[in-house]
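The structure under discussion appears below in the form of structure tokens.
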Amino acid sequence: MRELENRKRSGVYNGKFKPQPHFFGYEGRCALPSNFDSQYCYSIGLNAALLMLYKCSGYMSCVKNLGDADPKNWVAAGCPLPSMMGIERRHGENKPVITKALVKLDEKMF
């Protein structure tokens, strides 16, 4: 704050400083990402950028063949959002929503 006050006095800064605090409770306690996490997130992001570049709207970025330890063998794809949707009753009206899917804790991929 002192630095901004000094800059205001000298006429270099005329903005308003409004800090917004954030609680890093979960983020601060989590483990560092694994190599898999890093490779997966990079792949999802790159694939999403390519879907946008090629004007494929209405798709969710997904990566298949994650069971293979080598990311070179993963397959990038776009999953059409309508294929994941169903109709549910919300507040007395039928609404299209993405159908919930639970993680199966006893499966190999988990």
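Restrict the search to region 62-110; then list the GluC sites (Glu not before Pro) that DSSP places in a loop and that have at most 15 other Cβ atoms within 10 Å of their Cβ. Show your work: numbers first, answer last.
Working: sites: GLU88, GLU93, GLU107; in loops: GLU107.
Loop-located and lightly packed - GLU107.
Round to the nearest 10 and give me the degree value, 0 to 90, for the angle of helix 35-53's Cα axis relative to the longest principal axis of the chain.
The angle comes out at about 90 degrees.
Between beta-carbons, use under 14 Å as the cut-off and find the net charge around PRO71, counting Lys and Arg +1, Asp and Glu -1. Provide the component values of the computation, followed by the final result.
Numbers: positive: LYS64, LYS72; negative: ASP37, ASP68, ASP70.
Here the count lands on -1.
Return the distance in nm (one decimal) between the two label points of a simple spin-label model at TYR54 and LEU81, each offset 7 Å from Cα along Cα→Cβ.
Distance between label points: 1.9 nm.
Where in region 30-89 are there trypsin sites (Lys or Arg not before Pro) that are in a DSSP coil and have at most 12 other Cβ atoms within 10 angstrom of their Cβ?
Answer in residue order: LYS55.
Can you list the chymotrypsin sites (Phe, Trp or Tyr not before Pro) in region 1-51 that are in a DSSP coil and have 10 or fewer other beta carbons within 10 angstrom?
Here the chymotrypsin sites (Phe, Trp or Tyr not before Pro) that fit, given the DSSP loop and packing criteria, are PHE17, PHE23, PHE24.
With Kirkwood radius over Cα pairs in Å in mind, check (i) 18.5; (ii) 19.1; (iii) 17.2 and report the label derived from this structure.
(ii)
No lab work stands behind these numbers, since they all come straight from the coordinates. Just so we're clear, the structure is a prediction, and the values are computed from it rather than from any experiment. Cβ atoms come from the backbone with ideal geometry, glycine included; neighbour counts cover every protein chain shown.
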